[in-house]
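First up is the structure itself, then whatever we jot down about it.
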Amino acid sequence: MKKRLARKILYVTSVFGNWDSNYQPYSIPQQQKALKVLKIPMDIRDTILEYGVFGKIPVEYRKYNPVEIFQIMLSKNMNPGSVKEFRRCMKQILNK
């Protein structure tokens, strides 16, 4: 991975994390590799890996406001770890 692409991945991830966008095109392993390529110090990298790495939102749910969705998930103690679990949680939220 080139540094230019790594910077782009981290920029898009930060925009997604700041709720300016509801589209995350990069997977978790791509985000992790971008941190490694840019040679970010380990203490900062650990913090970013814990709080700044985001999973993708399935295409069919991108029309919903991600802030509201994640607030509802937190209030119901839902913590989806995969796309399959995210879909299951969304079905529970939308059916109620």
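The values are calculated or read from the model by the stated rules, or taken from the named source; none is laboratory data. As the structure is a prediction and not an experimental result, all values here were calculated from the model. Glycine also receives a Cβ, built like all others from the backbone with ideal geometry; neighbour counts cover every protein chain displayed. In case anyone asks, the SASA skips ligands and DNA or RNA and just uses the protein heavy atoms, side chains included. Shrake-Rupley method; radii C 1.70, N 1.55, O 1.52, S 1.80 Å.
Ratio to report: Rg/Rh of the chain, with Cα atoms as the point set and Rh obtained by the Kirkwood method; give two decimals. Provide the component values of the computation, followed by the final result.
Working: Rg = 14.5 Å, Rh = 14.4 Å.
In the chain, Rg relative to Rh is 1.01.
Using the Karplus curve 6.51 cos²θ - 1.76 cosθ + 1.60 with θ = phi - 60°, work out ³J(HN,Hα) for each residue of the stretch 82-93 in order, rounded to whole Hz, and write x for Gly and Pro.
8, 5, 4, 5, 4, 4, 4, 5, 5, 4, 5, 5
So between N79 and D20, what do we pick up on full extension, going 0.36 nm a residue minus the alpha carbon distance?
Details: separation 59, 0.36 × 59 = 21.24 nm, distance 2.17 nm.
Extra length available between N79 and D20 comes to 19.1 nm.
Sorted by mean Cβ packing within 10 Å, highest first, what order do the peptides 80-89, 8-17 take?
On the way: 80-89: 13.2, 8-17: 16.8.
Ranked by mean Cβ neighbours within 10 Å, highest first: 8-17, 80-89.
For a test of understanding, tell me how many lysine pairs in the chain have Cα atoms under 14 Å apart, given they are 8 or more places apart or on different chains.
Total qualifying Lys-Lys pairs in the chain comes to 11.
If the label point is 7 Å along Cα→Cβ of R87, which residues in the stretch 56-70 have backbone nitrogen under 20 Å from it?
Counting backbone N atoms under 20 Å from the label point, the list is 56-66, 69-70.
How much accessible area per residue does the chain have, in Å², with a 1.4 Å probe? Before the final figure, lay out each step's value.
Details: 6780 Å² over 96 residues.
Spelled out: the 1.4 Å probe surface of the chain, per residue, equals 71 Å².
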